[in-house]
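The values are calculated or read from the model by the stated rules, or taken from the named source; none is laboratory data. These numbers were taken from a predicted model, which means no experiment stands behind them. Please note: Cβ atoms are built from the backbone with ideal geometry, for glycine as well, and neighbour counts cover all protein chains shown. Ligands, DNA and RNA are stripped out before the accessible areas are found, and what is left, the full protein with its side chains, is counted by its heavy atoms. Shrake-Rupley method; radii C 1.70, N 1.55, O 1.52, S 1.80 Å.
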Amino acid sequence: MGSSLRRRRIVSRTALPAAVMLLVGGAVAVQSGTPAVAAETTLRAAAAKAGLFFGTASSPNRLYPILSQEFGQLTPENDMKPDRIATSSGGLQNTSGADQLVNHAQSNGMVVRGHTLVWHSQAGALQGASQSTLNTFIGNAINRWGSKIAYWDVVNESLEDNNTGRRRNQWPHTMNRDANGDGDFFDAGDTDVIRDSFIRAKQVVQAGGYSTKLCINDYDVEGLTVKGGGPNRKANALYDIVRTYRQYIDCVGFQSHFNDNPNSIISNDLQANIQRFADLGVEVHLSEVDIDDDLSNNDIGAGQADNYRKVVRACLNVAKCTGITVWGISDSESWRSSERGLLFTGGNGNYQKKAAYYAVLDELNKGRTTTPPTTTPPPTTPPPTTPPPTTPPPTTPPPTTPPPTTPPPTTPPPTNGCTATVSLNSWTGGFVATVRVTAGSAPIQGWNVQLTLPSGAAITNVWSAERTGTSGSVQFSNVNYNGSVAAGQYTEFGFQGTGSATGLTPVCTAS
Ligand code: G3I
């Protein structure tokens, strides 16, 4: 199911005219002869121009003018949670706060993210409910606002803390059953509250003809690795869920509450992790951003601003990262006020912009920098020039007959193969490699990439490709959704490993 669903574009993508802007060392240079593109002066406008939304979480008592001036998206911070709006039988109650927020967003042209339907916390009267009652609530909540809600967090925080990669053991996950005992809930005969809640949500959206997209949302899933370079098992578990239930899941929220806990840091592989989810075909959002000042030695000036830049840039560099939401407007009004992790100081509608605000605005104004090539195929390496065959010295007198005529030159074969390039993020003892497979001047239907890892390097994790081997000579081939690549276009896969992977020379073969 899912593919026939009518989908409305929520955010208009106004791409910056590529010919107009050149990015030079982070600054924007304008080519002569073309009109200058003025920088936008609000987060909302700059984000819209870059083709994503920039939003915040709010409450009915904080509908100050700045909300719709600076932000193009709104998440009810608490007013759509089950403890606020659900009855014990899955009905709705006390929706006035949520209604007010949705109406405010509608009249100010803001996108709404519904938050949240199935969650072990703030469950209120739904605590301990059966799947059937959860399904009733899912239906009632989605139908109340229909397409006014662009994105719904269907399942929130389903995975355990401490990087175990396991599901939580609280309700509603206590309803899960692993029938064949293989350690997952993905098999026929298993019961999975995530799967069943998404199936129900998808049915309701389709039956109502809504444009609403259905998201799974979690925290500590942002990096491929955690502090110290080990794998982020929670991120990997989320990835497996999205891959397995892709037909029901449209979007993934990385909550992005960044702090100095081992699993909550801003890792260098944030962009690679966003990319691997995007490669599954889902939209990715940074859905609840705040950046603890602990990550900048308590500096809420340039240090925190740099952290914001990194995070916003990682999203901008992935085309399917379509939204960023900060979890509140000002530090003092944040649920985590002691972290001083937001973009404004002040309160009660009287806010002052922090250095982080200007950094975010600047990054958004630079726009996205990695757009796939559209028409011009990448330069192909010229084939090696083979030396002309050497004529053996004559042993007999030369014939008197005329030399054979040289056959006419044959037309060179089309460059219908593929090329592969690797970009590496390395740290002491580990790395993440992103491999770009680019089709030649003809489309390809499948690809295989071979490369040889240096001695001591080993692969621990792969996404968007099938792999043979973990060390030495390894092969990667396409998975079912990324084998077909149009002429001159590319797809990407990635892998993570231990050791060092410098000097990789991938060899691509197309089929
Ligand atoms: O409204 C009552 C008030 O009447 C009462 O006097 C006061 C006494 O403590 O409590 C107020 O309610 C609080 C509510 O926020 C509104 O401020 C609750 O105690 C408090 O528990 C609740 O906290 C919310 C928290 O979720 C609960 O889990 C935060 O505002 C909200 O920002 C936070 O949001 C979560 C996301 O939903 C999921 N991801 C994590 C995120 C927190 O970082």
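Can we say Ile274 is under 18 Å from Val155 (Cβ atoms), outside any strand (DSSP E or B) and touching a strand residue (DSSP E or B) at 6+ places or on another chain (Cβ under 7 Å)?
It is false that Ile274 is under 18 Å from Val155 (Cβ atoms), outside any strand (DSSP E or B) and touching a strand residue (DSSP E or B) at 6+ places or on another chain (Cβ under 7 Å).
So Leu504 fits all but one of (1) at pLDDT 90 or above; (2) buried (at least 16 other Cβ atoms within 10 Å of the Cβ); (3) not in a loop (DSSP other than H, G, I, E, B); what number is the exception?
(3)
What number of residues within the stretch 482-511 satisfy the criterion of being in contact (Cβ under 8 Å) with a residue 40 or more places away in the chain and closer than 13 Å to Ile444 by Cα?
Number satisfying all stated conditions: 13.
Restricting to the stretch 217-256, name every residue that is more than 16 Å from the ligand (Cβ to nearest atom), closer than 17 Å to Leu286 by Cα, in a loop (DSSP other than H, G, I, E, B) and of a type in the set (Val, Ile, Thr).
The one that is more than 16 Å from the ligand (Cβ to nearest atom), closer than 17 Å to Leu286 by Cα, in a loop (DSSP other than H, G, I, E, B) and of a type in the set (Val, Ile, Thr): Ile249.
Determine which member of the set Ile274, Ile329 is within 15 Å of the ligand (Cβ to nearest atom), modelled with pLDDT of 95 or more and surrounded by 20 or more Cβ atoms within 10 Å (Cβ to Cβ).
Result: Ile329 is the single residue among Ile274, Ile329 that is within 15 Å of the ligand (Cβ to nearest atom), modelled with pLDDT of 95 or more and surrounded by 20 or more Cβ atoms within 10 Å (Cβ to Cβ).
Which of the residues spanning the stretch 312-321 are part of a helix (DSSP H, G or I) and charged (D, E, K, R)?
Arg313
Would you please name the residue that is nearest to the ligand (Cβ to nearest atom), looking only at residues in the stretch 58-90 that are among the charged types (D, E, K, R) and assigned to a loop (DSSP other than H, G, I, E, B)?
Per the criteria, the residue is Glu77.
Please go through (1) touching a residue at least 24 places away in the same chain (Cβ under 8 Å); (2) away from the ligand (no atom under 16 Å from the Cβ); (3) not hydroxyl-bearing (Ser, Thr, Tyr) for Gly346 and return the number of the only condition it doesn't satisfy.
(1)
Please find, among Val111, Val154, the residue that is more than 16 Å from the ligand (Cβ to nearest atom), within 22 Å of Asp218 (Cβ to Cβ) and surrounded by 17 or more Cβ atoms within 10 Å (Cβ to Cβ).
Within the list Val111, Val154, the selection yields Val111.
Output the number of the condition that Arg336 fails; it satisfies all remaining conditions of (1) open to solvent by 30 Å² or more (accessible area, probe 1.4 Å); (2) more than 16 Å from the ligand (Cβ to nearest atom).
It fails just one condition, (2).
Give the stretch 257-271 a look and list any residue that's polar (S, T, N, Q) and within 16 Å of the ligand (Cβ to nearest atom), or say none.
Correct list: Asn259, Asn261, Asn263, Ser264.
Exactly one condition in (1) under 15 Å from the mean Cα position of the chain (by Cα); (2) not small (Gly, Ala, Ser); (3) not in a strand (DSSP E or B) is false for Asn298; which is it?
Asn298 satisfies every listed condition except (1).
Tell me which residues, restricted to the stretch 126-140, are part of a helix (DSSP H, G or I) and within 16 Å of the ligand (Cβ to nearest atom).
Matches in the stretch 126-140: Leu126 only.
Could you tell me whether the stretch 287-299 includes any residue that is modelled with pLDDT of 95 or more, closer than 30 Å to Ile66 by Cβ, within 16 Å of the ligand (Cβ to nearest atom) and touching a Cys at 6+ places or on another chain (Cβ under 7 Å)?
no
On the basis of being in contact with a Lys or Arg (Cβ under 9 Å, 6 or more places away or on another chain) and not in a loop (DSSP other than H, G, I, E, B), does Arg309 make the cut?
Against the criterion (in contact with a Lys or Arg (Cβ under 9 Å, 6 or more places away or on another chain) and not in a loop (DSSP other than H, G, I, E, B)), Arg309 does not qualify.
Here are the criteria: (1) at pLDDT 90 or above; (2) surrounded by fewer than 18 Cβ atoms within 10 Å (Cβ to Cβ); (3) part of a strand (DSSP E or B). Tell me which single one Leu451 does not satisfy.
(2)
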